[in-house]
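Below is one structure, written out as structure tokens, with a few remarks after it.
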Amino acid sequence: MRNLCIVGLQWGDEGKGKIVDYYADRFDAVVRYNGGSNAGHTIVIGGRTFVFHLLPSGSLKRKRLLIGPGVALDPLTLREELELIAKEGGEADLLVDSRATVVTPLEKEMDTFIEKLRGDNPIGTTKRGIGPSYAMRALRLSPRAGDLADGTFDMSSAIAFYRSIMKDVPDITKWVSQAKDVLKGKTGDVGGTIIETNERGGSVMFEGAQGALLDLVYGTYPYVTGAHTIASYVPAGLGIPNSAMGDVMGVAKAYTTRVGGGPFPTEMLDETGTKIRTEGKEYGATTGRPRRVGWLDLVALKYAVRLNGVSELALTKLDVLTKVGEMKVCTHYSVDGEETSDFSRVLPRLASVKPVYKELPSFSGAELHRDILPRVAEDFVGYLEDELKVKVTLVSTGEERSATIRRGFVSKVS
Ligand code: GDP
Ligand code: IMO
Ligand code: MG
């Protein structure tokens with residue numbers, strides 16, 4: 001068994017889609033285990049851009065695609081992505097777990113409704129109904145993919161629940177029949193399929209959505225998503241034993257971004273921040289919103305590495321820093337006159353910490369070639385490895401699939 005989890009280590013959008021696509025050749029199946037269509041995973045091949053919200057990023061490499069029970073699944077988004085794959089000249093080899101929670105138009109309405117209730121302090125959700133959908137699952141009111149495909153789920157209690165709270169509750173009759181059509185013949189047992197794949201000697205890649213700092217419990221609550229985003233959710237989100245998880249590759253940008261509200265200690269509101277946003281095309285792949293931009297935060301990153309049990313690291317977007325005249329990383333926070341690098345301890349007061357920076361040699365003007373990194377970039381990567389105590393085995397130097405440098409091997413799949 002040579003499975004691998006790919007997880008985001010910041011606030012999402014680290015470049016997971018690119019890394020999953022790049023690496024997918026080595027696996028038989030690629031699996032989504034968490035989140036839903038709040039995710040936007042981008043793959044760029046020969047100047048063409050593909051964004052996947054639900055289909056695993058192994059789609060373009062024609063891998064077996066699995067969507068596990070831990071996912072909040074929007075059937076109509078799935079239909080769009082299946083159509084996209086069909087246009088590209090193939091049929092997606094997809095299995096959706098019968099127990100996956102289905103997002104209906106009602107949860108999307110509820111998402112918008114709750115954001116309005118929050119007044120001046122919205123979370124800034126993607127409005128894809130993710131939080132309400134997981135909440136409805138806990139209330140045992142949400143349909144599951146298998147129930148919907150079989151036409152066995154009675155939505156009347158869910159509708160009555162929504163009517164008791166919201167004035168405008170959309171009619172979902174047409175939606176139910178469309179969703180049923182999408183899911184028919186595609187549901188089954190994803191956990192069992194993964195175990196069988198491993199028993200046959202095959203390997204599986206688990207594609208995380210969002211990032212560690214957006215985890216419902218361990219992230220910057222309440223400015224988080226509605227589910228777990230960390231690697232330990234892989235077994236629970238798929239119905240497989242812990243021993244099937246395999247190694248964990250964490251993905252981090254060489255700087256930091258965040259979409260939506262919430263504390264962001266290293267946020268740059270100056271011209272350098274604007275420059276990075278422009279050069280890095282930092283606009284949300286799902287909502288198009290400008291992403292907030294900041295320097296790399298080692299305090300937060302160490303926390304995410306530990307939380308996920310990261311065994312190796314993929315570092316993305318180094319090329320963007322060649323367009324900026326300075327280079328900093330946050331090594332500590334200053335809070336109440338003290339310096340700390342203990343993220344979990346200051347998490348409840350994150351909005352009031354001040355970042356303490358280390359200035360590093362600028363990447364400005366450095367040429368990042370396809371197969372070898374210039375000295376300044378190698379030194380930066382080495383510095384991160386020393387600080388994080390994890391090997392950086394992949395470095396991404398551009399949005400194209402081909403702009404990826406292999407720096408070494410850690411996991412058994414390598
Ligand atoms: P994900 O959600 O983690 O899959 O990341 P997104 O796709 O939302 O955002 C990452 C963005 O950065 C996408 O537009 C990618 O095409 C792009 N990208 C990924 N790696 C690199 C890189 O090394 N350099 C540059 N310039 N862009 C990259
Ligand atoms: P990928 O997989 C970046 C953010 C939203 C908001 C918060 C809650 O592309 O990295 P939600 O709609 O989940 O209830 O929103 O989480 N968010 C993401 N930010 N990348 C994502 O996914 C995200 N998914 C959710 O912006 O702040
Ligand atoms: Mg994204």
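Figures for the structure shown
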| read-out | value |
| --- | --- |
| Residue within the range 115-128 that is touching a residue at least 60 places away in the same chain (Cβ under 8 Å) and closer than 30 Å to G192 by Cβ present | yes |
| Residue match in the range 97-119 (condition: within 23 Å of T286 (Cβ to Cβ), modelled with pLDDT under 95 and surrounded by 18 or more Cβ atoms within 10 Å (Cβ to Cβ)) | no |
| Residue in the range 184-206 that is buried (at least 24 other Cβ atoms within 10 Å of the Cβ) and either within 16 Å of ligand 3 (Cβ to nearest atom) or modelled with pLDDT under 95 (or both) present | no |
| Scope the range 283-309; condition assigned to a loop (DSSP other than H, G, I, E, B) and surrounded by fewer than 23 Cβ atoms within 10 Å (Cβ to Cβ); matching residues | G284, A285, T286, T287, G288, R289, R291, G309 |
| Selection within the range 48-64 - open to solvent by less than 20 Å² (accessible area, probe 1.4 Å), under 16 Å from M205 (Cβ atoms) and either among the aromatic types (F, W, Y) or more than 16 Å from ligand 1 (Cβ to nearest atom) (or both) | F52 |
| Residue within the range 228-243 that is of a type in the set (V, I, T) and assigned to a helix (DSSP H, G or I) present | yes |
| Test result for T278, among the polar types (S, T, N, Q), within 25 Å of V44 (Cβ to Cβ) and touching a residue at least 12 places away in the same chain (Cβ under 8 Å) | no |
| Of all residues in the range 217-235 being buried (at least 20 other Cβ atoms within 10 Å of the Cβ) and farther than 27 Å from L148 by Cα, the one that is farthest from ligand 3 (Cβ to nearest atom) | Y218 |
| From M205, M136, residue being under 28 Å from the mean Cα position of the chain (by Cα), not in a loop (DSSP other than H, G, I, E, B) and not assigned by TED's automatic domain parsing to the domain that holds A92 | M136 |
| Selected residue (criterion: surrounded by the fewest Cβ atoms within 10 Å (Cβ to Cβ)) from residues of the range 368-387 that are in a loop (DSSP other than H, G, I, E, B) and hydrophobic (A, V, I, L, M, F, W, C) | I372 |
| Set T197, T173, T152: member being under 24 Å from L82 (Cβ atoms) and assigned by TED's automatic domain parsing to the domain that holds K61 | T197 |
| Single unsatisfied condition, R349 versus (1) part of a helix (DSSP H, G or I); (2) within 16 Å of ligand 2 (Cβ to nearest atom); (3) among the charged types (D, E, K, R) | (2) |
| Verdict on E83 being part of a loop (DSSP other than H, G, I, E, B), without any contact (Cβ under 8 Å) to a residue 24 or more places away in the chain, more than 14 Å from ligand 2 (Cβ to nearest atom) and in the same structural domain as V299 (by TED's automatic domain parsing) | no |
| Unmet criterion (only one of (1) surrounded by 24 or more Cβ atoms within 10 Å (Cβ to Cβ); (2) of a type in the set (S, T, N, Q); (3) more than 16 Å from the chain's Cα centre (by Cα)) for N34 | (3) |
| From E312, E339, residue being away from ligand 1 (no atom under 12 Å from the Cβ) and open to solvent by 40 Å² or more (accessible area, probe 1.4 Å) | E339 |
| Meets criteria (within 19 Å of the chain's Cα centre (by Cα) and either away from ligand 1 (no atom under 13 Å from the Cβ) or open to solvent by less than 20 Å² (accessible area, probe 1.4 Å) (or both)) for Y22 | no |
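The values are calculated or read from the model by the stated rules, or taken from the named source; none is laboratory data. Computed from a prediction, not measured in an experiment: that's the story for all the values here. Counting neighbours? That spans all protein chains shown, and the Cβs are built from the backbone with ideal geometry, glycine included. Heads up: the accessible areas ignore ligands, DNA and RNA and are worked out on the full protein's heavy atoms, side chains in. Shrake-Rupley method; radii C 1.70, N 1.55, O 1.52, S 1.80 Å.
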